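**Student:** The structure that follows is given in the form of structure tokens.
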Amino acid sequence: MCTLVRQVTPNRKFCVGNSEHDTFHKIFRRSIDTSIDDLMSALSLYRSILRTAQPLPYNFRMYTRRRARDHFEASRSLSPNSSEAEQALAFGKDQLKLVKRQAVTHGMFASDPLVVEVCEKYLSLSTGE
């Protein structure tokens, strides 16, 4: 008698024995944990880039947002445990450092807000967002 019965389809069941189940579970859990950790670190990196770009002027902020979105969407198809995924995360971390440097530089040499930024603030205040 098997120790684990899983429902595959409404009409068919299959059994997995103890040793087979343990091996399958260990491998599956390790790959799931790794991919979830990679996914969470990628999402955290994406949010950090967007958050860091917030104090930049409108044109730099929108450029950073577009560039980050494009790179993360292009990297979406990479397998989580591959070297390409690690390289993409390393590239993203380098880009985050670059955006932080830009934000610091902008803070030292602040300028008046653009007309677009003033209009955005006015629209967000009038709509209550």
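**Student:** Between V116 and R51, what's the calculated FRET efficiency when r is the beta-carbon distance and R0 is 22 Å? Round to 0.05.
**Tutor:** Details: r = 20 Å, r/R0 = 0.92.
That pair, V116 with R51, gives E of 0.60.
**Student:** Here's another thing I want to ask about it. For S77, S44, S82, what's the largest-to-smallest order of accessible area, 1.4 Å probe? The partial results should precede the final answer.
**Tutor:** Working: S77 105, S44 60, S82 15 Å².
Largest to smallest exposure gives the sequence S77, S44, S82.
**Student:** Something else about it: Any idea of the accessible area per residue across the range 31-106, 1.4 Å probe, to the nearest Å²? Write down the numbers at each step before the final one.
**Tutor:** On the way: 5060 Å² over 76 residues.
On a per-residue basis, the range 31-106 sits at 67 Å².
The values are calculated or read from the model by the stated rules, or taken from the named source; none is laboratory data. These numbers come from a predicted model, not from an experiment. Methodologically, a virtual Cβ is constructed for each residue, glycine included, from the backbone with ideal geometry; neighbour enumeration extends over all protein chains shown. Ligands, DNA and RNA are stripped out before the accessible areas are found, and what is left, the full protein with its side chains, is counted by its heavy atoms. Shrake-Rupley method; radii C 1.70, N 1.55, O 1.52, S 1.80 Å.
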